[in-house]
Structure formats: structure tokens, C-alpha cells
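Structure, as C-alpha cells:
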Amino acid sequence: MIAPSENTLLDADLPNIKHLHALSVIAQTGSVTAACEKINLSQPALTQGIAKLEAGLGVKLFDRQRGMVLTPAGKVYLKRIKRGVNLLREAADFLGRFATDINPNLYRLFTLGQLRALIAVVEQESFKLGAMRLSVQPSTVHRACQSLEQLVNCKLFEVTTNGRRPTRQAEKLFQLSKLALGEFQQAEFDLLGWKGRFIGRFALGCLPLAQATLVPRALNLLANEYPMIDVVVIDGSYTVLSRAMRRGNVDIIIGALRTDEVLQDMEQQELFKERLIIVGRSDHPLVGDKEITLKKLAKFAWVAPRVASASRPYFDKFYKRLNRTETAAHPIKASTLGTIRGILLESDRLAIVSALQVDYELRGQLLSKIPYELHNSDRAIGVINRENWLPSVPQQRFLQHLRTILKDGDLVVEQSP
């Protein structure tokens, strides 16, 4: 039913959402009749819908010899479907706070066309561009969004001087409905994996320190095992990547864990702890110096981490301790490893980085560690994911590869003594 893994939620041939609700109710009650009453479908329509769903999936979801009992394939498929249904229920509950006289079964009334129209408009920030993304007329998208507004009984878009923009309610419905459609799509991918064919999309958010060695090694191992998985690595700041993850555009983030903010809808898994180090070019004047002091370090210019990066607060405190003169060269603020490396190689500047981030540079002797201990610079490195995230088999395997690489101990990881 679903086309190749590079297709997005706006392109994929997803099933009728009402049939997915029916599947969930039948599995719960064991009765087609009970499902018909709950979701307001005739028995012939429901029976035909389930048969069409099974034909598209190429498996039997129910054993009909003993009523309506889930088959092993049905159990695999339903696991994701229930997660998607719960997300739509959460969206309906949220909207219920802002509207009176709302249908208690609202979560069962959303249509695929309505949700796709909303997703396209919010993502493209325009009704016209949203329509182009869906390859339909703007009037079609307007009608779908208007019918959705009538259904939820609250405004989804407001007029501003810059045009129409989504309301808070629309943003929440967009976020949860996109995650729900992602679960519906992943349900079929899981079923294909159950049959031995693993496809799908794995979007990995990668913070700077994990980009050089850890993530590439794990991805190479993953690709060897699951060559049909469409892996997308997305670089960026934590702010950008966390927003993308909340919107369903990123599955997990690898990098320094956060300790200075509340992660209300996210979870963190620590992989290891690492201490920051000072680096310079391999023939830097301080390389080999056994008695380095703050006074000696203060004689050199520096490269500073970008604002809001995990290591920036530590750098700011350390740099203040250097007590450099007002006329001293200011730090160059850089975020990409290539830029940092280039600056260090072409000057006597120093930088505070993760040893893992410059693993290749240290091994290749392009850069060297300056022998000065950065006390209290320990930080946890790990995986950040959405709350209650359920990894697919390939995604779980990727996490296992990360742990194996770290366990083997062949990476340059600076840990506390």
C-alpha cells in the first residue's frame, strides 16, 4: 500500500482513518457489530473496509474462525495504530478545552484529507504553497481547513498583517496529527519488517560533538544491516532540532544532554560522560608544556562555541577566569567543526571542545590536546527522543550500535579521572 520509503506523510497512500478506528475497536471488542455501533458505520461498509485494508497490506489481520481474533500480523500492525489513535484522542482533548459543545468522539471524525491540508498549510506557511505541495487547487485546501474548523468548533487560523497564521490550537493539532499519521505509516513498515523486509525513514538529529565519528560509524553499521532504510542526518542547534522532533521531522537527537531546562515532552538516555578539553594545532607553542597556567593560556586568542550550545556556559566562565586585557583579540564564535579546525590550523588560537568531536583531528595529529585539566566540565552525552517514543527495529539496532562502539573503547573519549 505504501510506496517507497522516501515518500513523506503527504505523499504516502495511507489507509482511511475511519477503518483504522474500526480495526482498533474490533480488536478490543472482538465484534464487528460493536465496532459498527461505536464508529457509526454500516456492517457492509466496515467489513468491506477491513477487507480492503487487509488486501492492501497483503496479510490477514483477523482470524475469523473464532469470531474476530487478531492474527500475529494483526498484533504487529495494531500496536502502531493504537498509538496513532491515542495521539488523535490527545489532540481532540486539547481542542476540547477551547470549544463548547464539542463531539466526545471528535478524535474519530478527523479525515485524512483534513489533516493533510492542515499539515501542508502549517509546514509551508501558506495556503497557496500548501496546495502546491499537495498538488491540488487552493480552494480544495481552503475547504478542507474550513471543514476542520467547523468540526473542532474553534478557529485554526487568524488574520495578521503578514497574512493568515495558525492559532495555538492549529499548531497543537498539526503536531499531534502529524505524529499520528507517522504512526499509521510506521505500522505498515513494522508489518513489512515482520515479514522480513525493512524499509522506512530514519531522521537523525545530530548535535556537533557526535557528527565526526560516533554517528557515522553507527550509521555505516546500520546501513550494512538495513540497506533499504532511508536515513536522513539533520545537523543543527538543539533549539532547531528539538522543534523538528516535536513536529515529527526528526526521530531522535544525539549529543550533549540538557540539564538547564525542563523537557516536558522529551526523554533522555545517557550513553556516557565526557570532559571537555583544550585543543590547538599540533605544533602550538603550548603543546608539550608540562606547567601550563591560566596566565599562559591568557596570552592566546580563542575560538568560542556558539551561543546556546551546551559548552558555551562553561567557556564563558573559563574565559572570564583568564582575565584577558580589554585590548586582547576577542574570541571568534564558530559552530561548525570545519570552521573551528581551519581557524586553529591557521593560527595560535585555542578552543574548548569535546574530544569525541575532534577524534579524527587528534588521531591524525592535525590538532593536539593542550595539557591543562578543565575541572567540572563533565557532561552527559546521549540520546534525546520524544516522550513515549517507540523505536522501530532498525532504529533500536542503531542505538545498540552506538553502545557497542562506545563499549569497544576505540574512540577518543575524555573522561574524568
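Please count how many residues of region 7-50 are under 30 Å from the mean Cα position of the chain (by Cα), of a type in the set (Ser, Thr, Tyr) and part of a helix (DSSP H, G or I).
1
For region 300-332, name all the residues that are in contact with a helix residue (DSSP H, G or I) (Cβ under 9 Å, 6 or more places away or on another chain), loosely packed, with under 15 Cβ neighbours inside 10 Å and not hydrophobic (A, V, I, L, M, F, W, C).
Result: Arg306, Arg321, Asn323.
Considering only residues that are touching a strand residue (DSSP E or B) at 6+ places or on another chain (Cβ under 9 Å), touching a residue at least 40 places away in the same chain (Cβ under 8 Å) and surrounded by fewer than 19 Cβ atoms within 10 Å (Cβ to Cβ), look in region 222-237 and name the one that is nearest to Pro391 (Cα to Cα).
So, considering only residues that are touching a strand residue (DSSP E or B) at 6+ places or on another chain (Cβ under 9 Å), touching a residue at least 40 places away in the same chain (Cβ under 8 Å) and surrounded by fewer than 19 Cβ atoms within 10 Å (Cβ to Cβ), the one nearest to Pro391 (Cα to Cα) is Asp230.
Arg168 fails exactly one of the following numbered conditions: (1) touching a residue at least 12 places away in the same chain (Cβ under 8 Å); (2) under 26 Å from the mean Cα position of the chain (by Cα). What is the number of that condition?
Looking at each condition in turn, Arg168 falls short on (1).
So, in region 124-139, of the ones that are of a type outside the set (Gly, Ala, Ser), assigned to a helix (DSSP H, G or I) and without any contact (Cβ under 8 Å) to a residue 12 or more places away in the chain, which residue ends up surrounded by the fewest Cβ atoms within 10 Å (Cβ to Cβ)?
That would be Lys128.
For every residue, the table says whether it meets (1) within 18 Å of the chain's Cα centre (by Cα); (2) closer than 17 Å to Val121 by Cα; (3) not assigned by TED's automatic domain parsing to the domain that holds Val141.
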site	(1), (2), (3)
Asn162	no, yes, no
Gln211	yes, no, yes
Arg217	no, no, yes
Pro227	no, no, yes
Ala244	yes, yes, yes
Arg247	yes, yes, yes
Ile253	yes, no, yes
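Return the total of residues in region 95-119 being modelled with pLDDT under 95, in a helix (DSSP H, G or I) and surrounded by fewer than 18 Cβ atoms within 10 Å (Cβ to Cβ).
So the answer is 0.
Do we find that Gln28 is surrounded by fewer than 18 Cβ atoms within 10 Å (Cβ to Cβ) and over 20 Å from Thr111 (Cα atoms) in this structure? So that I can check it myself, show each step before the final result.
Working: surrounded by fewer than 18 Cβ atoms within 10 Å (Cβ to Cβ): yes; over 20 Å from Thr111 (Cα atoms): yes.
When the stated conditions are applied, Gln28 passes them.
How many residues does region 10-31 contain that are among the aliphatic types (A, V, I, L, M) and free of Cβ contacts under 8 Å to residues at least 40 places away in the same chain?
Residues flagged as among the aliphatic types (A, V, I, L, M) and free of Cβ contacts under 8 Å to residues at least 40 places away in the same chain within region 10-31 amount to 2.
On the basis of being within 23 Å of Trp389 (Cβ to Cβ), among the hydrophobic types (A, V, I, L, M, F, W, C) and assigned by TED's automatic domain parsing to the domain that holds Ile39, does Ala91 make the cut?
yes
Do we have Leu222 as modelled with pLDDT of 95 or more and not small (Gly, Ala, Ser) here?
So Leu222 passes the test.
Taking Leu390, is it surrounded by fewer than 16 Cβ atoms within 10 Å (Cβ to Cβ), at pLDDT 90 or above, among the aliphatic types (A, V, I, L, M) and in contact with a Lys or Arg (Cβ under 9 Å, 6 or more places away or on another chain)?
Here the answer is yes, as Leu390 does meet what is asked.
Picking from Ala180, Ala210, which residue would you name as being buried (at least 22 other Cβ atoms within 10 Å of the Cβ), touching a Lys or Arg at 6+ places or on another chain (Cβ under 9 Å) and not basic (Lys, Arg)?
On inspection, the qualifying residue turns out to be Ala180.
Can you pull out the residues in region 51-79 that are farther than 20 Å from Ala180 by Cβ, assigned to a helix (DSSP H, G or I) and of a type outside the set (Lys, Arg)?
Result: Ala51, Glu54, Ala55, Gln65, Pro72, Ala73.
Looking only at region 143-160, which residues are buried (at least 16 other Cβ atoms within 10 Å of the Cβ) and either under 29 Å from the mean Cα position of the chain (by Cα) or not in a helix (DSSP H, G or I) (or both)?
Passing the criteria: Ala144, Cys145, Leu148, Glu149, Val152, Cys154, Leu156, Phe157.
What are the residues in region 273-300 that are closer than 21 Å to Arg312 by Cβ and either out of contact with any strand residue (DSSP E or B) (no Cβ under 9 Å at 6 or more places or on another chain) or part of a strand (DSSP E or B) (or both), if any?
Lys273, Glu274, Leu276, Ile277, Ile278, Val279, Gly280, Leu294, Ala298 - these are the residues of region 273-300 that are closer than 21 Å to Arg312 by Cβ and either out of contact with any strand residue (DSSP E or B) (no Cβ under 9 Å at 6 or more places or on another chain) or part of a strand (DSSP E or B) (or both).
How about region 335-369: which of its residues are in a loop (DSSP other than H, G, I, E, B) and surrounded by 19 or more Cβ atoms within 10 Å (Cβ to Cβ)? Walk me through it before giving the result.
As a first pass, look at region 335-369 and keep what is in a loop (DSSP other than H, G, I, E, B): 335-336, 346-349, 355-358, 364-366.
Within region 335-369, Arg349, Ala355, Leu356, Gln357, Val358 meet the criteria.
The values are calculated or read from the model by the stated rules, or taken from the named source; none is laboratory data. This one's a predicted model, so the numbers in the text were calculated from it and none came from an experiment. Note that we place each Cβ from the backbone using ideal geometry, even for glycine, and neighbour counts take in every protein chain shown.
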